[in-house]
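Written below as structure tokens is the structure these notes are about.
The values are calculated or read from the model by the stated rules, or taken from the named source; none is laboratory data. Given the structure is predicted, the values throughout are model-derived calculations rather than measurements. Cβ placement follows ideal geometry from the backbone for every residue including glycine, while neighbour counts extend to all protein chains displayed.
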Amino acid sequence: MRVVIAEDSVLLRDGLTRLLTDRGLEVVAAVGDGEALLAAVDQLAAEQALPDVVVADVRMPPTHTDEGVRACVELRKRYPGVGTLVLSQYVEERYASELLAGSTRGVGYLLKDRVAEVREFVEAVERVAQGGTALDPEVVSQLLGRSRRHDVLDALTPREREVLGLMGEGRTNSAIARQLVVSDGAVEKHVSNIFMKLGLTQSSDDHRRVLAVLTHLNT
């Protein structure tokens, strides 16, 4: 699994590189700003060696505002097959929404604190590289909260909203069932109701279904 890292903090960049390398992932480039990220992936594409996933900080030089997430949005346009996982110090709804909008595969938004949970972080990188989603619970909570203010979720029951939040974190139906201490069949029924009430076509790809739900809510 090939990874490109974009992080302006040399210490964190080196730490991420070592962490992922120690767990069998290949870090093919590590850069410090958005322009360098785009250039690195373009070069890899020219060599027919695109990465599976990009891990990037939201804020990078020169303005330290949104260079990282904008670079990731641009990469999704140029290379839709490359997963993008952004890291942020805080939940920034606008950037999360921008990254999710129109996405079809391989996307994630995690708080930097999650990096300390090494196993979960590496699993998130791998999941995004394989076309799945990895959304921080705090991100999911805030996005769903904003959606409630727009009355998008009024049709859902409290349990269905709870299931939707867990889906947004990238959990499978079985994992949701364990979390809520209910049967797999009960979760499948809730998921089916969620898609029916939100007017979304069901798919065999759980992760894409999750992303479709979140994208729908953000619109």
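Look at (1) at pLDDT below 85; (2) in contact with a strand residue (DSSP E or B) (Cβ under 7 Å, 6 or more places away or on another chain) and you find that L110 fails only one, number (1).
Among the residues of region 19-30, write down those that are free of Cβ contacts under 8 Å to residues at least 60 places away in the same chain and under 16 Å from E120 (Cα atoms).
Applying the first criterion (free of Cβ contacts under 8 Å to residues at least 60 places away in the same chain) to region 19-30 yields 21-22, 24, 26-30.
Listed by number, the residues that qualify are T21, D22, G24.
Residues that are under 21 Å from R114 (Cβ atoms), in contact (Cβ under 8 Å) with a residue 12 or more places away in the chain and among the aliphatic types (A, V, I, L, M) within region 151-180 comprise L164, L166, M167, I176, listed in sequence order.
May I ask you to verify whether S183 is hydroxyl-bearing (S, T, Y), modelled with pLDDT under 55 and exposed (fewer than 14 other Cβ atoms within 10 Å of the Cβ)? Criteria not met by S183.
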